[in-house]
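Structure, as structure tokens:
The values are calculated or read from the model by the stated rules, or taken from the named source; none is laboratory data. Every value quoted in this text rests on a predicted model; they were computed, and no experiment measured them. Here the Cβ is made from the backbone with ideal geometry for all residues, glycine too, and neighbour counts use every protein chain on show. When the accessible area is computed, the model is the full protein with side chains, heavy atoms only, and any ligands, DNA or RNA have been set aside. Shrake-Rupley method; radii C 1.70, N 1.55, O 1.52, S 1.80 Å.
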Amino acid sequence: MIGDEYLQTRAQLGTALYALTSLAHELQASPENIETLRGLSASLREPFLFVVMGEVKAGKSTVLNALFGRDFCRADVLPATDRIYLFKYAGELKDVPINEHLTECYRPNVFLRDFNIVDTPGTNTIVAEHQRIAEEFVPMADLVIFVFSVTNPWTASAWEFLNLIHNKWKKKVLLILQQADLRNPEEVAAVKTHLEQTAREKLGASPPIFAVSAKLAFQAKTGDPAQRETLMAQSHFGELEDYISQTIAGGESGAGKLRSVCQSAQVIVRELAEKAKGAFATIQKDDERIRQLAGILEERKEQSLRQVGGVLWSLAQNFERTQKKSEELLAERLSWGRTFQLMFRKQKWHTDFQESIDQQLRDTLKRQIANSIELLETDLKAVWQHLHESIQKTFAAEVPAPPAPPDFINERDQLLKRIELTLIERMSGKAIEDQMTRMFNDAASWMRLPAGIAAVGGAATIAAALAHVAIIGITGGVAAIAALSGAAIAVFKRNQILTEFRKQMAEKREEILGPVEDHLRHAIGLFYQELGATFQPLQAFCVAQRKVYEPMLMRLKQLEETFGKLASELAPASSA
């Protein structure tokens, strides 16, 4: 069809323009740019307007049907009742009379999206109203086609109207010598030459003239495909179509309009690209700032966790000091005399001793833990303040006012309660007390045997002395050996009790400090998690915006390339 290349270029431009309009809405472009894009799209969709004029029965409708390969124009209207017909596109066929001389004809022919056709009555039948309406269309026309019959191309009415159009509107006029199949080539050439001379005389210039057979061209396009090439060659219609296509593509209403639309679109693309790049740069900067804050927060978290190590070391030192004092007291309680008493009577002082140590440890550790948590709380408050000052300073009005700080007092109290419960739980066990009781009982059992022997030997020695019997030496020796054995056992058991005490206290220290460390680390982890949540919404916003703007920038880049390519193709030959 005529203008295929131009229409393809226009379709590409329209597609790019539609994509640009969508992007403009997504980027919240200015109302002026949105309105400009709407205007460009509307102007791009404006169809070309062809006005066809000529004598009655000159073959105007046949020419139009042949040009577009569709039988959409009436070719058998009566001159006395003819009207002006404006053909437009619609999804269904209908004719809408505008007045007694003009009818708008809607046809479901796709080419009418791009071409509006005005088919006029014969110039020899145009009444005053016809002429007035025809002259309304002529100023808007992209091309005026005058059709002459090869059998009679010299009618005065046609030349009068042609002269009016040419002199007044300076429109591009195309002359078609129709029905060339009714004469032989020599006759057609002679008529064409005479027509050129007449045009120069009456118009002062010679418009393009094409001698064609629209009938044969129409048969070629709608009939047997095998005969298409032959019939088209005989009709000489190809030269006419090529000229019209070049006229469409080269005229200001064609390529000029496309160039103008393309240049305007390029300006808007650049503006939108700068806006999108600026927004994306801000997102990248915010993202980098957030990563820096996250890094700082991670470093402070490591510092806080290292403080936990210091707290545990200090607690361990206090525990060891308390243990050492307890060992000294236990050693004093386990003197020879008191150890020897284990075999004569049951004593519960070690139970009270252990309870006293546990209470002392609890009090000491609670005080130290409370002081340590208070220092840790002060440090965490400073971290919170520093973080929010950094956020406000870095992002200014981009983020809302900081939320209230975490409830440090309540958190501290809860942490202390959890640790105190841990101390009570770990220190309320009977493991040490039971173990010490077993060892005291075991020591008493071992010491009763040599003590009994020593007692028997001593009694025998006394009896022998009274009887002046020689056995006194033997019994005295046995008693001495038993006494020495008892002393040795007492020392051994004493040392064994002290060793076991140290072992049990070391195990208790690990049982206490491990949970305390877990509680402190857990509390610090929750605190920093809460701090991290402060800028998580901003981080999530940056991630979401990055996902929005990255495809936009890619689409804008593609549009820049598309419009650049189209602008290069549409550039005038001299510029190119």
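Here are some notes:
Okay, residues lined up against (1) under 30 Å from GLN12 (Cβ atoms); (2) in contact with a Cys (Cβ under 8 Å, 6 or more places away or on another chain); (3) open to solvent by 40 Å² or more (accessible area, probe 1.4 Å):
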| residue | (1), (2), (3) |
| --- | --- |
| GLN197 | no, no, yes |
| SER206 | no, no, yes |
| ILE209 | no, no, no |
| GLU239 | yes, no, yes |
| GLN246 | yes, no, yes |
| LYS257 | yes, no, yes |
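- Residue among ALA233, ALA281, ALA220 that alone is at negative phi, open to solvent by less than 10 Å² (accessible area, probe 1.4 Å) and without any contact (Cβ under 8 Å) to a residue 24 or more places away in the chain: ALA220
- Members of segment 358-367 found to be open to solvent by less than 20 Å² (accessible area, probe 1.4 Å) and within 23 Å of GLY525 (Cα to Cα), listed by number: LEU365
- Selection of segment 27-41 for residues being under 26 Å from the mean Cα position of the chain (by Cα) and open to solvent by 90 Å² or more (accessible area, probe 1.4 Å) yields GLN28, PRO31.
- Boolean, VAL96 is more than 30 Å from GLY256 (Cβ to Cβ) and of a type in the set (A, V, I, L, M, F, W, C): yes
- Inclusion of LEU498 among residues that are farther than 29 Å from GLU288 by Cα, part of a helix (DSSP H, G or I), open to solvent by 90 Å² or more (accessible area, probe 1.4 Å) and modelled with pLDDT under 80 is not warranted.
- Every residue from segment 534-573 that is part of a helix (DSSP H, G or I), over 19 Å from LEU17 (Cα atoms) and open to solvent by less than 30 Å² (accessible area, probe 1.4 Å): LEU538, CYS542
- Options ARG291, ARG270: the member that is in a helix (DSSP H, G or I) and more than 23 Å from GLU389 (Cβ to Cβ): ARG270
- Boolean, ARG521 is more than 30 Å from ALA11 (Cα to Cα) and either aliphatic (A, V, I, L, M) or in a helix (DSSP H, G or I) (or both): yes
- Verdict on VAL188 being open to solvent by less than 30 Å² (accessible area, probe 1.4 Å) and more than 22 Å from VAL144 (Cα to Cα): yes
- Flag if GLU55 is modelled with pLDDT under 85, of a type outside the set (Val, Ile, Thr) and open to solvent by 30 Å² or more (accessible area, probe 1.4 Å): no
- Here ILE296 fulfils each of the conditions (1) surrounded by 15 or more Cβ atoms within 10 Å (Cβ to Cβ); (2) over 30 Å from VAL188 (Cβ atoms) apart from (1).
- Restricted to segment 1-114, the set of strands (runs of 3 or more DSSP E) holding at least 3 residues that are under 21 Å from ASP242 (Cβ atoms) and in contact (Cβ under 8 Å) with a residue 40 or more places away in the chain comprises 48-54.
- Matching residues in segment 110-123 - criterion: being among the aliphatic types (A, V, I, L, M) and either touching a Leu at 6+ places or on another chain (Cβ under 8 Å) or open to solvent by less than 10 Å² (accessible area, probe 1.4 Å) (or both): LEU112, ILE117, VAL118
- Some residue of segment 240-255 being part of a strand (DSSP E or B), touching a residue at least 12 places away in the same chain (Cβ under 8 Å) and in contact with an Asp or Glu (Cβ under 9 Å, 6 or more places away or on another chain): no
- Residue among ARG70, ARG132, ARG107, ARG83 that alone is basic (Lys, Arg), more than 19 Å from THR198 (Cα to Cα), modelled with pLDDT under 85 and open to solvent by less than 70 Å² (accessible area, probe 1.4 Å): ARG83
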